[in-house]
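Only one structure is covered here, and it is reproduced in the block below.
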Amino acid sequence: MANTDFSKIFFSSLTEINASLRKREYSAVELTKAFSDRLEEYGPKYNALAHSMRKQAIKKAKDVDDDLKIDRTRGPLQGIPFGVKDLLSVKAQPTTWGAKPYAAQVFDYDANIVKKLDKVGAILIGKLSMVELAGGGGYRFANASLTGPGLNPWDKSRWSGGSSSGPGAAVGAGLCTFALGSETSGSIITPSAYCGVTGLRPTYGLVSRHGAMALSWTLDKLGPICRTAEDCGYVLQVISGADPDDPGSAGKSFYYTPQFARKPQDLTIGYAPVDFEEYADPATRPAFKTALEVVKSQGYKFKEIEIPDFPFGAMTSTIIAAESASIFEDLIKSSKIDEMEDKRQIAGFKTALDTPAVEYLRAMRVRTLVQKAFHDFFYNNVDLLLVPSRTTVANKLTEPLDGSGAAPQPPRPKSRGLSGIIPAGNLAGLPAISVPCGFVDGLPIGISFVTKPFFENQLIAAGKLFQSATDWHKKTPALT
Amino acid sequence: MVTRRKLALLATVGVAAKVALAQAPPAPARAEGDADLETARQQARNNFQAIARVKLPRNVEPVTTFKA
C-alpha cells in the first residue's frame with residue numbers, strides 16, 4: 001500500500017474509514033498505528049488520555065487485516081479505532097474511574113459493550129480520561145480528575161466538558177474515530193456540545209452497564225460520541241441489546257434503520273423560543289437562531305411547548321446522592337475519599353451518606369409523575385424536542401462550574417421553556433442526540449433533539465438530516 | 001385534660017423513641033468549620049424542600065425498578 005497521508009483521515013467518519021479499509025487503501029495496522037501515535041502525542045496535551053492500549057490494538061489490527069484479506073467482513077465498525085471512558089473495565093488494564101483512590105485498579109474482565117465492539121472488529125486504542133467518579137458528588141472545578149482538567153480541542157484555556165471529558169476531547173481532536181462515554185445527567189451531551197462532536201445518550205436500559213462504574217443505578221447510561229449522527233447509529237447498533245448481567249437492562253435491541261425514517265413532514269418538533277432567545281447566553285443567540293432556522297426549513301411541523309413543571313435538578317441530585325452514597329459507602333467512610341481532587345465533590349459524597357431514605361423515595365415517587373408527564377407529552381403533543389444542548393460555550397478552566405464566579409445573572413425568564421431538559425430527560429430515561437450547530441468566537445455549540453424511549457432511529461434521522469444541510473460537524477480544530 | 005390513656009401513650013412513644021435511637025446507626029463524624037460540607041448540606045436541604053413542594057398523591061409508588 002502506498003504511503004497514506006493519515007492527516008486527512010483522522011477526522012473522517014467511521015463509514016468513510018471502513019470503506020477505505022475494505023478497498024485496501026491502507027491496512028488496519030497502518031491505521032491503528034497512525035491513530036495510536038496521534039492519541040499518544042496529543043492525548044496527554046489535552047488531558048484526554050488515561051491509558052494507551054497501542055500494543056493490544058496493533059495485535060487486534062493484524063487479526064482484522066487477516067479477516068479483510070479473506071473478505072471475512074464484520075460490519076462497518078471493523079478496523080475502526082476507538083476509545084472508551086475510563087469507567088469501562090478492560091481486562092488486565094488500569095480502570096481508574098478518573099479518581100486517585102482507584103488509580104491502581106485493574107479488573108479481570110471486559111465490560112460487555114467492550115466485548116461486543118471487539119467481536120465486530122473495532123479496535124480499542126485507549127482508555128480516555130474522565131471527571132473523578134463521573135462527578136457524582138458535585139464538583140466545582142474542571143480539574144476534578146486524576147488526569148487534570150479535560151482541555152478543549154478548540155481552545156486549551158477552556159474545558160472539554162464532563163464527565164466524559166476525555167471522550168469528548170479525543171473525538172473532537174481526531175484522536176479516535178469514536179468513543180464510548182456515559183451520562184448520568186449531562187455527561188455525554190455536555191462534552192459533545194463543547195467539543196463540536198455528535199453524542200447520543202440512549203434510552204435508559206438499552207445499552208448494558210455491566211462492567212461500567214456505577215454512579216447511580218437508575219440514571220447511568222453508556223453511549224457513543226462520534227463525528228456524525230449516522231456513526232452514532234452504527235455504534236449504538238453494536239453496543240445495544242439485552243444483558244442478563246445488567247439488572248437495568250430493558251431487554252431490547254436497536255437496529256439502525258435509516259431506510260424507515262419518517263419524513264420530517266410527518267413529525268412535530270416541540271421547542272421553546274425562550275430557550276434560544278433568553279436562556280441562551282447572549283453571545284450564542286445569533287448562532288442558535290441560525291441553527292433553528294435550518295431545522296425549521298427542513299419540513300417539520302413546529303409547536304411551541306413548555307417543559308412539565310417539576311424540580312428536575314433537585315430530583316437528580318437527590319437520587320444520585322442516595323444511590324452513589326450506597327455504591328461508594330466504603331470509600332466515603334474511609335480516609336481515601338480525601339485523596340480526591342475536588343473539595344466540593346468530597347463534601348458532596350460525605351453529605352450524600354446522610355440522605356434520608358424518605359427523601360430518596362420521595363424523589364423516586366415524583367419521578368413516576370415525571371415519567372408519566374413525558375409519556376403524555378410525547379404521545380399527545382410532539383415527536384421530538386429541540387433545545388440548545390448547553391446555553392453557553394465551554395467554560396474557562398478557572399471558572400467555578402457552579403456559577404459562583406460568574407457576573408450577576410439577569411432575572412430568569414418567566415417561561416420555563418425546555419430549560420431543565422437534561423435532568424428531566426435523564427429522570428425519564430429519554431434518549432437525546434447533540435449535534436454541532438455553530439461556533440461562537442471559535443468555540444462550538446450544539447443543539448439537541450430529544451425523543452421518547454426507544455425511538456433512537458428518529459433522533460439519528462433528525463441529526464443526520466441536520467448534518468446533511470450544515471457542515472459544522474466537519475470543522476476541525478488546529479491542535480497544539 | 002391529661003388522662004391515663006394519654007399518659008400510657010406518652011410512655012409508649014418514649015420507649016419507642018429510645019429503641020429507635022438504640023437501633024439507629026451512629027451518625028458519621030462531621031468535620032467542624034468545613035465550608036464545602038456546609039454548602040453541600042444546605043444544597044441537599046434545598047433539594048429536599050424543592051421536591052417536597054410537589055403535590056404527590058398517596059398512591060404514587062417510587063420507580064425503584066426503573067425501566068424506560
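The single condition from (1) β-branched (Val, Ile, Thr); (2) touching a Leu at 6+ places or on another chain (Cβ under 6 Å); (3) over 27 Å from A:Tyr279 (Cα atoms); (4) not in a helix (DSSP H, G or I) that A:Ile337 fails is (4). Got at least one residue in the range A:421-429 being surrounded by fewer than 22 Cβ atoms within 10 Å (Cβ to Cβ) and modelled with pLDDT of 95 or more? No - not one qualifying residue is present in the range A:421-429.
Restricting attention to the range A:1-28, the residues being surrounded by 19 or more Cβ atoms within 10 Å (Cβ to Cβ) and assigned to a helix (DSSP H, G or I) number 5. Does the range A:140-155 contain any residue that is closer than 30 Å to A:Pro244 by Cα and in a strand (DSSP E or B)? No, every residue in the range A:140-155 fails to be closer than 30 Å to A:Pro244 by Cα and in a strand (DSSP E or B). A:Gln298 satisfies every condition listed in (1) surrounded by 23 or more Cβ atoms within 10 Å (Cβ to Cβ); (2) of a type outside the set (Val, Ile, Thr); (3) over 22 Å from A:Asn380 (Cα atoms) except (1). Among the residues of the range A:233-270, those identified as under 12 Å from A:Gln458 (Cα atoms), part of a loop (DSSP other than H, G, I, E, B) and aliphatic (A, V, I, L, M) are A:Ala261, A:Leu267. Among the residues of the range A:353-386, those that are in contact with a helix residue (DSSP H, G or I) (Cβ under 7 Å, 6 or more places away or on another chain) and at the interface with chain B (Cβ under 8 Å from one of its Cβ atoms) comprise A:Leu353, A:Thr355, A:Glu359, A:Arg362, A:Ala363, A:Met364, A:Val366, A:Arg367. Considered as a group, the residues in the range A:39-68 that are of a type in the set (A, V, I, L, M) and part of a strand (DSSP E or B) include one that is nearest to A:Lys91 (Cα to Cα), and that residue is A:Ala50.
Residues of the range A:332-347 include none that is crowded, with 23+ Cβ neighbours inside 10 Å, under 21 Å from A:Gly420 (Cα atoms), at the interface with another protein chain (Cβ under 8 Å from one of its Cβ atoms) and in contact with a helix residue (DSSP H, G or I) (Cβ under 8 Å, 6 or more places away or on another chain).
The values are calculated or read from the model by the stated rules, or taken from the named source; none is laboratory data. Just so it is clear, the structure is predicted and the values come from calculations on it, not from any experiment. Every residue, glycine as well, gets a Cβ built from its backbone with ideal geometry; the counts of neighbours run over all protein chains shown.
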